[in-house]
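Heads up, the thing below is written out as structure tokens.
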Amino acid sequence: MAYSDKVIDHYNNPRNVGSLDKKDQNVGTGLVGAPECGDVMKLQMKINPETRVIEDAKFKTFGCGSAIASSSLATEWVRGKTVEEALAIKNTDIVRELSLPPVKIHCSVLAEDAIKAAISDWKKKAGEEQTAEASATSAHS
Amino acid sequence: MGCAGFSAPTLGEGDPENSMTATRTQTEPTPSLSCWSCKAPSGGGHFCAACGKIQPLPRDADYFAFFALPQKLQIDEPGLEQRFHQLSWKLHPDNFVKASEYERNLALERSSELNDAYRMLRDPISRVEYLLLRAGVRKEGTTKQQAPPELLEEVFELNESLDELREAKSEGLPSEARGDLTELRAKLTEAQQNFQQKLAEVDAELNAVFAEWDQTLAQPDGDAARKAVMAKLNELLNRRSYIRNLVRNVGEELGQN
């Protein structure tokens, strides 16, 4: 199976690798994993509590090229978006952008989960009530 | 892998020689398949019980049934290998050169199924994965398999320490840092032993739950028990795939793969 050029580009030049201060009130952290392939993905966002704009996003992913590319793309996309806009990102958008083959769709699902998990973590810190969608995605099996 | 069965596992279905399984199939001992050639009941095996002609594969047959095995997880592996060799011999397309085209195709079909089935069942991990896939407990691709947060934390940390070692290795090579490399190798080797230890622990746990599963097969009303055991197996497999990746990654760093 060949990776698309976009996947290779993100894999070779991942955007926004790194981490943010987990303890910062304005930082939301999402840690998700895909047990079938053993990938783990951490996505963090620094969110302005007034404007609800995601001012910074970092990721660190241990996994295959598609998982790295999906999370790299996710950080690129959420930067500058509001929390609500970021929550609207669907894994299918990532699949389309990166031309992921069917066997790699779970990588994009992981990235979407990571976005939702990070935002839900931030909301929890900010004392906001968990929204229906956030609690749905953080609910375990 | 072609797995269409997503219903609860119907134990012993299409499994004529299996007296182990207790539930609904006991009242109908063999699937009422009739031979395509002589029309007599074929017995459900590879060859017709009456006329000996090779039979088509039943649509929903599973790999256990192919070897006439109950869906046990602790299996007699040398016995399986022996059975594989016997069947390869019996089903080999060379035996059918003078047969009709239909029979030649059946031989091909059964031979390739034999290889798939053997590859899947001979390894305990792929065997349990197969069982869970058939039961719909474990799915390939898009489904969400949630891992417990503590496990994710742990795996992430292990990965990070491995990453640090990796970076130190690629940066700290030139001139003065010769000594560091030896130290690094020692650290990596230690990490590897640690991961391998964890892998061995999971495998031991899995083996214990394999035994538990096999016991539920003998229970006539074991559906709930089987479900619970399957969930346990699934969790262990998830944990195992993370650890297996760590073992592999550290092995790569040490130049062993």
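The values are calculated or read from the model by the stated rules, or taken from the named source; none is laboratory data. In this text the structure is predicted, and so the values were computed from the model without any measurement. Please note: Cβ atoms are built from the backbone with ideal geometry, for glycine as well, and neighbour counts cover all protein chains shown. The accessibility values were calculated without ligands, DNA or RNA, using every heavy atom of the protein model including side chains. Shrake-Rupley method; radii C 1.70, N 1.55, O 1.52, S 1.80 Å.
For peptide B:68-80, the mean count of partner chain Cβ atoms within 10 Å of a residue's Cβ comes to 0.
The alpha-carbon atoms of the range B:149-253, seen along their principal axes, cover 70, 22, 16 angstrom, with the largest extent given first. Listed by chain and number, the lysines whose alpha-carbon sits under 16 Å from that of A:K90, ignoring those within fewer than 8 places in the same chain, are A:K81, A:K104, A:K116, B:K144.
Near B:S37: Cβ cut-off under 10 Å, other residues only, Lys/Arg at +1 and Asp/Glu at -1. The net charge is +1. With the whole protein complex present, B:V209 retains an accessible surface near 10 Å², based on a 1.4 Å probe. Anisotropy class assigned to the range A:5-92 is prolate, per the alpha carbon gyration tensor with a/c at or over the 1.5 cut-off and a/b larger than b/c. About its Cα centre, the dipole of chain A is roughly 240 debye, where the only charges are +1 on Lys and Arg Cβ and -1 on Asp and Glu Cβ.
If only the Cβ of Lys and Arg carry +1 and only the Cβ of Asp and Glu carry -1, the dipole of the range B:23-133 around its Cα centre is close to 300 debye.
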